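Read through the structure below, which is laid out as structure tokens, and then see the notes.
The values are calculated or read from the model by the stated rules, or taken from the named source; none is laboratory data. Bear in mind the structure is a predicted one, so any value in this text is a computation, not a measurement. Glycine gets a Cβ as well: all are built from the backbone with ideal geometry, and neighbour counts include every protein chain shown. All accessible areas refer to the heavy atoms of the entire protein, side chains included, with ligands and DNA or RNA removed. Shrake-Rupley method; radii C 1.70, N 1.55, O 1.52, S 1.80 Å.
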Amino acid sequence: MKLFLTACSFLVSGVLLQLNAQQEIMQQIAQIRKMPLDTSHVNSLRRLGGQITDSTLSKQLLDEALQKSLQVGHVNTITDCYRVLGVWYSSYDLKDSALHYYRLSMQSAEKNDNLFLIAGAQFNMGNIYYWQGKYDSCIIYYQRAATVYEGQEILKDKSVTEKQLDRRKSDLYGNMSAVFNMLKNLTKADEYIDKAIAISKKYNSSAAADALAFYMQTKADNYTANGFVERALRTRLEFLGQMQEGQNAKVYLQQSYQNISREYFSLDKIDSSRIYADKSLELASLLKVPGAIAASNWQLGRIAMKNEQYGQAEKYLMQTKDFYESSTDPAEQKGYYDVMRELNFKLGKYKEAYLFFEKYQEINDSLLLSEKAREFAEREVRYETEKKETQIGLQKSEIRQKNVLNYFLIGSSLALIVIFFLTYRNYKNRQQLQQQRIGELETEKQLAATQFLLQGQEEERSRLAKDLHDGLGGLLSGVKLQLGAMKGNLVLNDTNTIAFDRTLTKLDESISEMRRVAHNMMPEALLKLGLKQAVYDYCESLSHDQAFRINCEVHGFDMRMNSSSEMVLYRIVQELLNNAVKHSGASGIMVQLMRQEDGVVTITVEDNGKGFDMANTDVLRSAGVRNIQSRVKYLNGTMDIKSAPGKGVSVYIECKVV
């Protein structure tokens, strides 16, 4: 049974999509031909040629796309045009022509060292060699493609994503499993299909579900090869719904029908086998794939013979004659000749039966000779290996007999050493755990002290802010009102009037400054509106009527955190901005405060000021920096400072806040 392969999955589908009407297609062609001759023009022609079901028009458009790509001269576009022509020839079972264009695609991709396209061409060439029965060449090209896909160089191409690469690797592993299945290396077949299945299960998407359904068909092939036909059938039926409803190429669904029919046939469930054989032939005829049509008629012929309907069987099998007699795959021809031998014998055509038997025997002998040669070589290797192992075993036995006492003494010494070592390691581990626990307690103590210190500072700030606003603020406002009332009752000359007005202005400035100080000590916006609005307000007030500009971005703080965490984060931003304003001489300051879904909060403050030398430890030991570090430590965060003279300062803080 010939297993079905997937083409390199960045190709157009093996089954071409149908468009609604010939008129619509011709309108699209006309619109494309009006476009300027560039890569977009060529790609549109190529895509349309790969979609339509009219084989003549499809080939015409693909040839036109290739010629125009050569005029444009863009290497990757030329590579794609060669590749899709290879797909076209492969779809119509013209393997030699498909191989020719895949080789041209690979040579084109090598011109600009496009590893992704090179490996894709090697992948597709391996598929063609598989269908030609040239398994050695198939494995060589598959392994070349695998070497590229599994290497590190391919991901240096930024246009290639890990998800794309996973899909290519999984398709390749699926095909390699099919090849090893054909070669009866079932261990390797299972190894590679399990790799493909594991990759597809990494992703939760409709495409991944389609891929998994396809790979499970190959897994079922392996079950059949191992003799687990019922298990293979259950697997195919389990994933048949996805094969029917998903976006997999319909030629894969046809192959599933064919395999289900064969497995029902093996289990002697002929009626069920006939149902799926009819589905297989119907879909194969719709797709116009010669190999699939021949395989479906071959299966229907077997079913008719099983039901002793020999005339009907002959009609089915005669439709496969041209395909199988011209096939280059000896395994396919062997199955055909065997069935024809049996059919002609049942029909009483003994001469024809004998001729088919001779053809069957000739192919079977050639296959057996190659298998026997391989088995003989394997036996020779096993024999030589066993002989050497026997000699080595005798020598080891002699040495063992001579040195039993030495081994006993050495073993006893080693046991004592191991016991001493384990005792010493246990002691050191306990000591290390004690030291670790002491360190953890000290850290917890420091964090608790920092927490109480910060809470005390904030409580004191709150008290002072309230006293300033309610006490001193009220007194100053009362003084202002009294002075305003006195002005109306006093007779002042012009000089005294000006002095009196200046005094009132200074009093207004004093009240505003007092309110600003109180606001900074305990901002009302933070308590009422949250961290996001408080940071925006502080940046706006700080940059108002100043020569510098503050660009502020706050994301992810729509939901409030606990008040103590918001206060600590606000103080960190406040201290960083104050340092930048006081010391940097910058014309622009950037503030970015972000909160992720997992609770991680990042703070970034950058300026374009004069910066400083990181070797100057005095700056890093300043009171302001130490104040920030203590708050970051309270949040179990990290802080990174980068600066250089003339290049500004960048501070990045990361912590996790519940």
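Some values worked out for this structure:
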| item | result |
| --- | --- |
| Among the candidates 557, 548, residue that is aromatic (Phe, Trp, Tyr) and touching a helix residue (DSSP H, G or I) at 6+ places or on another chain (Cβ under 6 Å) | 557 |
| Selection within the range 314-328 - crowded, with 21+ Cβ neighbours inside 10 Å and at pLDDT below 90 | 324 |
| Selection count, the range 57-113, where residues are open to solvent by less than 30 Å² (accessible area, probe 1.4 Å), hydroxyl-bearing (Ser, Thr, Tyr) and over 20 Å from residue 328 (Cα atoms) | 6 |
| Criterion (modelled with pLDDT under 90, in contact with a Cys (Cβ under 9 Å, 6 or more places away or on another chain) and not in a loop (DSSP other than H, G, I, E, B)) met by exactly one of 632, 591 | 632 |
| Breaking point among (1) over 20 Å from residue 263 (Cα atoms); (2) modelled with pLDDT under 90, for residue 332 | (1) |
| Any hit, the range 566-588, residues being crowded, with 16+ Cβ neighbours inside 10 Å and under 35 Å from the mean Cα position of the chain (by Cα) | no |
| Unmet requirement for residue 276, which otherwise passes all of (1) open to solvent by less than 40 Å² (accessible area, probe 1.4 Å); (2) modelled with pLDDT of 90 or more; (3) within 26 Å of residue 132 (Cβ to Cβ) | (3) |
| Residue in the range 299-316 that is in a helix (DSSP H, G or I), touching a helix residue (DSSP H, G or I) at 6+ places or on another chain (Cβ under 6 Å) and under 15 Å from residue 252 (Cα atoms) present | no |
| Test: residue 640 is open to solvent by 20 Å² or more (accessible area, probe 1.4 Å), modelled with pLDDT under 85, over 24 Å from residue 537 (Cα atoms) and not in a loop (DSSP other than H, G, I, E, B) | no |
| Residues that are touching an Asp or Glu at 6+ places or on another chain (Cβ under 6 Å) and not polar (S, T, N, Q), drawn from the range 568-596 | 580, 586, 589, 590 |
| Residues of the range 77-122 that turn out to be charged (D, E, K, R), under 19 Å from residue 134 (Cα atoms) and in a helix (DSSP H, G or I), as a count | 3 |
| Hey, residue 557 more than 14 Å from residue 542 (Cβ to Cβ), aromatic (Phe, Trp, Tyr) and open to solvent by 20 Å² or more (accessible area, probe 1.4 Å) or not | no |
| Selection count, the range 602-623, where residues are farther than 18 Å from residue 571 by Cα, modelled with pLDDT of 80 or more and crowded, with 17+ Cβ neighbours inside 10 Å | 5 |
| Selection from the range 214-242 of residues that are of a type in the set (A, V, I, L, M) and either touching a strand residue (DSSP E or B) at 6+ places or on another chain (Cβ under 9 Å) or at pLDDT below 90 (or both) | 225 |
| Residues being hydrophobic (A, V, I, L, M, F, W, C) and within 13 Å of the chain's Cα centre (by Cα) - total across the range 148-165 | 3 |
| Sole residue being modelled with pLDDT of 90 or more, among the aliphatic types (A, V, I, L, M), within 25 Å of residue 179 (Cα to Cα) and open to solvent by less than 30 Å² (accessible area, probe 1.4 Å), chosen from 292, 304 | 292 |
| Tally, over the range 177-201, of residues that are at pLDDT below 90 and open to solvent by 50 Å² or more (accessible area, probe 1.4 Å) | 5 |
| Cβ-Cβ under 7 Å pairs, at least 6 apart or on other chains, the range 152-170 side open to solvent by less than 100 Å² (accessible area, probe 1.4 Å), far side not in a helix (DSSP H, G or I) | 154/160; 166/202; 167/9; 168/8; 168/9 |
| Residue 297 open to solvent by less than 30 Å² (accessible area, probe 1.4 Å) and in contact (Cβ under 8 Å) with a residue 40 or more places away in the chain | no |
| Residue match in the range 185-200 (condition: of a type outside the set (S, T, N, Q) and in a loop (DSSP other than H, G, I, E, B)) | no |
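One line per residue, one yes/no per condition, for (1) farther than 17 Å from residue 304 by Cα; (2) outside any helix (DSSP H, G or I):
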| residue | (1), (2) |
| --- | --- |
| 203 | yes, yes |
| 207 | yes, no |
| 216 | yes, no |
| 243 | yes, no |
| 263 | no, no |
| 271 | no, no |
| 279 | no, no |
| 283 | yes, no |
| 286 | yes, no |
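Condition check ((1) without any contact (Cβ under 8 Å) to a residue 60 or more places away in the chain; (2) in a loop (DSSP other than H, G, I, E, B)) across all residues:
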site	(1), (2)
536	yes, no
539	yes, no
551	yes, no
554	yes, no
558	yes, yes
565	no, no
586	no, yes
